[in-house]
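Step one of this worksheet: look at the structure below.
The values are calculated or read from the model by the stated rules, or taken from the named source; none is laboratory data. Just so we're clear, the structure is a prediction, and the values are computed from it rather than from any experiment. Cβ coordinates were reconstructed from backbone atoms using ideal geometry, including for glycine residues, and neighbour counts include every protein chain displayed.
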Amino acid sequence: MPDDGFDDDDEKPKKRRKAAPAAKTTRRPTGNVFAKLGMLALIAFIVAGMLTWVIAFSIEELPAIKGFIGRKNYSDILFLVFLIAFVLVLSTSAWAFLSKEELTGQVHVKQFQKQEKKLWSDALAPPKLTPAQQAALERQKQRRLEEEQRLLADQDGEAPSLDDVLAASLDLNPTVTAPPMAQPAAKTNMTPQGEKQKAQLMGFMSRGLEGVMQKRPKLDTFNKFGVNLYMVGAADALGQAGNLSDAEADAIFVDSVAVLGTKPDQARQFLDKMNEYMSNPKYMGMIEQGREAMTAQMSGDGSAARKLERALDSWNVRKDDAGSGSSTIAVMFTDIVGSTNMTQTHGDAEAQEVVRRHNRIVRAALTSYNGREVKHTGDGIMASFANVANAVEAGIFIQRKVNGENTNAKIPLGLKIGINAGEPIVEDDDLFGTTVQLSARICDKASNYQILVSETVKGICQGKALSFIARGTREMKGFKEPIPLYEAVWQQNQAAA
């Protein structure tokens, strides 16, 4: 087939987009403010001088008043009159002729945001194509659209329809009709702290996209949906750190994803469906990666924004179903410690918030370590892993994450984990058999903040960078012989056997 002149790795679009962020910025807002202030000060000086001259002339014409004041105090009074007049004229004229943004210094933030939007609008603008390249692009769009539909259909859990995805990002296919738009929401008044956090998020996204655009010059719908999820996590972490209201955090997110072409009403529809998206482990993992990247940046990690590239790499990997074959897999159970007592002590609402925190952490681990959520047990999650070592590493990730978040949590989350490996029976997307039963029994035997595994799991993990402590044998209901158990080490102060 002859070369049509168009290719995904075309160097021209790359060079154009790569050069766009290097555009020079100007400092005109600062010069304009100082010029205005200088002009107003000059006017105030002239007005105050004229007023002082009028008063001095009046006093000279009234000897009685001049004698009452006295020659000694005459100059001091005129100076005081000049000073008061100068301050009053300058302050009133500044209030009248300078905008609120110029008086508070927010003009620089708005100029920065405007420049960032223009830079990325130019960077994301499609290059001019020849007719042959345009025809090749249309064929490529069709292939990508088919691939996105296949990926969305293959995701675990109930994935959003393609229309939902298109409502959350820029429509690359003009033949697809977007869903009806909701009425535009009232604009949120941002506090100075909110404006500062907004500028930080815009910079975070810009630096992240710089690396992404080198590898993916044109973000398709599926990847823009992933970036939106990533930015939700980043905005949430930023909002919590800055003690922002939910409305301000949502407004920051809406403005930040505008550089991708997402309209405000589409972004708000996306946020309205966030609870539905968070029930999907793959989506929850993308949100959690954005949250962790922003947390790392706030802690001083200068390269944290570039983690978006790695997040999109994992987002585009199609994970095999961990429970679909007959090979050895790992089965994990998590269980919230003291859930019944927590409900009675703190009430249903507070207890449910702890369950949500558990779900978020566990699902993020499943995404990071290629696990599959089999089902939610009410007080925990049952999951499977095609790679046994990944199951142990996911358990370590979960306990470390729980320990870190408990530092500032109102109600600490207590969690225990049990892992076993074998060849369970697969039926209707669920797992059954002795392997599953033993995993559940191991979880029951674990203590708070403990990861217990079977001897099979420990044997498979030999040679990996994992440490275990022998915890003896335990009697298990339904098993004739005592079962040897081992604890996976996840804390620095634990000594491995």
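Annotations for the structure displayed:
- Flag for Ile65 being at pLDDT 75 or above and more than 30 Å from Val259 (Cβ to Cβ): no
- Residues of region 396-421 satisfying the condition of being part of a strand (DSSP E or B) and touching a Gly at 6+ places or on another chain (Cβ under 7 Å): Ile417, Ile419
- Tally of residues being assigned to a loop (DSSP other than H, G, I, E, B) and within 19 Å of Met332 (Cα to Cα) across region 447-497: 15
Residue-wise test of (1) touching a residue at least 12 places away in the same chain (Cβ under 8 Å); (2) among the basic types (Lys, Arg); (3) out of contact with any Pro (no Cβ under 9 Å at 6 or more places or on another chain); (4) not assigned by TED's automatic domain parsing to the domain that holds Ser339.
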{"site": "Asn408", "(1), (2), (3), (4)": "no, no, yes, no"}
{"site": "Ala421", "(1), (2), (3), (4)": "yes, no, yes, no"}
{"site": "Pro424", "(1), (2), (3), (4)": "yes, no, yes, no"}
{"site": "Lys445", "(1), (2), (3), (4)": "yes, yes, yes, no"}
{"site": "Ile451", "(1), (2), (3), (4)": "yes, no, yes, no"}
{"site": "Gln462", "(1), (2), (3), (4)": "no, no, yes, no"}
{"site": "Phe468", "(1), (2), (3), (4)": "yes, no, yes, no"}
{"site": "Glu475", "(1), (2), (3), (4)": "no, no, no, no"}
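- Among the residues making up region 449-485, those that are within 26 Å of Gly378 (Cα to Cα) and surrounded by 11 or more Cβ atoms within 10 Å (Cβ to Cβ) are Tyr449, Gln450, Ile451, Leu452, Val453, Ser454, Val457, Arg474, Glu475, Met476, Phe479, Leu485.
- Residue among Ala296, Ala247, Ala237 that alone is buried (at least 20 other Cβ atoms within 10 Å of the Cβ), within 28 Å of Gln193 (Cβ to Cβ) and modelled with pLDDT of 80 or more: Ala237
- Boolean, Ala488 is of a type in the set (A, V, I, L, M) and touching a strand residue (DSSP E or B) at 6+ places or on another chain (Cβ under 6 Å): yes
- Of residues in region 264-293 being surrounded by fewer than 16 Cβ atoms within 10 Å (Cβ to Cβ) and without any contact (Cβ under 8 Å) to a residue 40 or more places away in the chain, the one nearest to Ile361 (Cα to Cα): Asn275
- Residue that is modelled with the lowest pLDDT [pool: residues in region 250-259 that are of a type outside the set (Asp, Glu) and over 22 Å from Ser299 (Cα atoms)]: Val259
- Some residue of region 426-443 being touching a Leu at 6+ places or on another chain (Cβ under 6 Å) and touching a residue at least 12 places away in the same chain (Cβ under 8 Å): yes
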